[in-house]
Amino acid sequence: MPRFTRAELEAARDRLVPDVVAAGLKVLFCGINPGLMTAATGHHFGRPGNRFWPVLHLSGFTPRQFHPSEQDQLLAHGLGVTNVVARATARADELTDEEYREGGRVLAEKVTRLRPAWLAVAGVTAYRTAFGDRRAAIGPQSATIGDTRIWVLPNPSGLNAHWTAATMAEEFARLRSVVEGQAQPWEGQEPVISSPAAPTLPGQAGQGEQAEQGEPVGQVGQVAGRSSGGA
């Protein structure tokens, strides 16, 4: 991992990091916005201490732990990475609500175009804020964007002390089992029914480092993804 000075990291602020995407993916993982290390290297979830890459392997999505610089190899496994908000910040809470809403509209258009089987949003606080669903919890959602299902995953930030790498890997593995047809989304849990407000799309708490708490139970809400806005 290259070492960057504080000045070099600050120079990466607001920089854009290209998506790792293709049409028809099994899972499109969605961070909230790039952190400064990610922006400086151009590699998603690039900050040391971020648990995305170890957890992706521990959960069985990848045959070994990829280095962030190997991110393009995800495509061969039917996986991709994007963000709700494209610009880089030191922390996700530096973004405004309007940025989250606009990023959600762009994300909805992207998902509609690429049609992944699942959109996996890494952060329950993000999902709640963006979809206007305060009862949303970690796990599968009833929301869809076209034919794409949505699963909310724990935020892999090292600041998210509510989840260990092991418990996070268990949740990622639940998604993988459903993706591979080995389980049903609600297997082994009771869904919670709610009627949230009309959504935008995800906000807050992602690759930009920010702690959050996620409940390890599922939720079903009558939410429909919305496709508007521009890239």
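Residues that are in contact with a strand residue (DSSP E or B) (Cβ under 8 Å, 6 or more places away or on another chain) and among the acidic types (Asp, Glu) within segment 143-186 comprise just one, GLU171. Among the residues making up segment 1-25, those that are in contact with a His (Cβ under 9 Å, 6 or more places away or on another chain) and either β-branched (Val, Ile, Thr) or without any contact (Cβ under 8 Å) to a residue 12 or more places away in the chain (or both) are VAL17, VAL20. Regarding ARG87, is this residue touching a residue at least 60 places away in the same chain (Cβ under 8 Å) and surrounded by fewer than 21 Cβ atoms within 10 Å (Cβ to Cβ)? Considered against the rule, which asks whether it is touching a residue at least 60 places away in the same chain (Cβ under 8 Å) and surrounded by fewer than 21 Cβ atoms within 10 Å (Cβ to Cβ), ARG87 comes out as yes.
Within segment 55-68, restricting attention to residues that are over 16 Å from GLY78 (Cβ atoms) and crowded, with 16+ Cβ neighbours inside 10 Å, the residue that is nearest to the chain's Cα centre (by Cα) is VAL55.
Restricting to segment 126-142, give me the number of residues that are assigned to a helix (DSSP H, G or I), modelled with pLDDT of 75 or more and in contact with a strand residue (DSSP E or B) (Cβ under 8 Å, 6 or more places away or on another chain). Selection size over segment 126-142: 1.
Looking only at segment 89-116, filter to residues that are touching a strand residue (DSSP E or B) at 6+ places or on another chain (Cβ under 7 Å) and part of a loop (DSSP other than H, G, I, E, B); which one of those is farthest from GLY78 (Cα to Cα)? Residue satisfying both the conditions and the ranking: ARG115.
Of all the residues in segment 1-52, those that are of a type in the set (A, V, I, L, M), crowded, with 16+ Cβ neighbours inside 10 Å and in a strand (DSSP E or B) number 3. Residues that are of a type outside the set (A, V, I, L, M, F, W, C), farther than 21 Å from GLY78 by Cβ, in contact (Cβ under 8 Å) with a residue 12 or more places away in the chain and not in a helix (DSSP H, G or I) within segment 143-186 comprise PRO154, ASN155, SER157, GLY158, ASN160, HIS162, listed in sequence order. The listed residues are ARG105, ARG115, ARG128, and the only one of them that is among the basic types (Lys, Arg), surrounded by fewer than 24 Cβ atoms within 10 Å (Cβ to Cβ), out of contact with any helix residue (DSSP H, G or I) (no Cβ under 8 Å at 6 or more places or on another chain) and free of Cβ contacts under 8 Å to residues at least 24 places away in the same chain turns out to be ARG128. Counting only residues that are modelled with pLDDT of 90 or more, among the hydroxyl-bearing types (Ser, Thr, Tyr) and touching a Gly at 6+ places or on another chain (Cβ under 9 Å), segment 144-165 holds 1 of them. Based on this model, can you work out whether LEU95 counts as under 22 Å from VAL81 (Cα atoms) and at pLDDT 85 or above? No.
Note on segment 131-163: among residues that are among the charged types (D, E, K, R) and over 19 Å from LYS26 (Cα atoms), the one that is surrounded by the fewest Cβ atoms within 10 Å (Cβ to Cβ) is ARG134. Within segment 65-80, the set of residues being over 14 Å from LEU25 (Cα atoms) and either touching a residue at least 60 places away in the same chain (Cβ under 8 Å) or in contact with a helix residue (DSSP H, G or I) (Cβ under 6 Å, 6 or more places away or on another chain) (or both) comprises GLN65, PHE66.
The values are calculated or read from the model by the stated rules, or taken from the named source; none is laboratory data. All of these numbers come straight from a predicted model, not from anything done at the bench. Note that we place each Cβ from the backbone using ideal geometry, even for glycine, and neighbour counts take in every protein chain shown.
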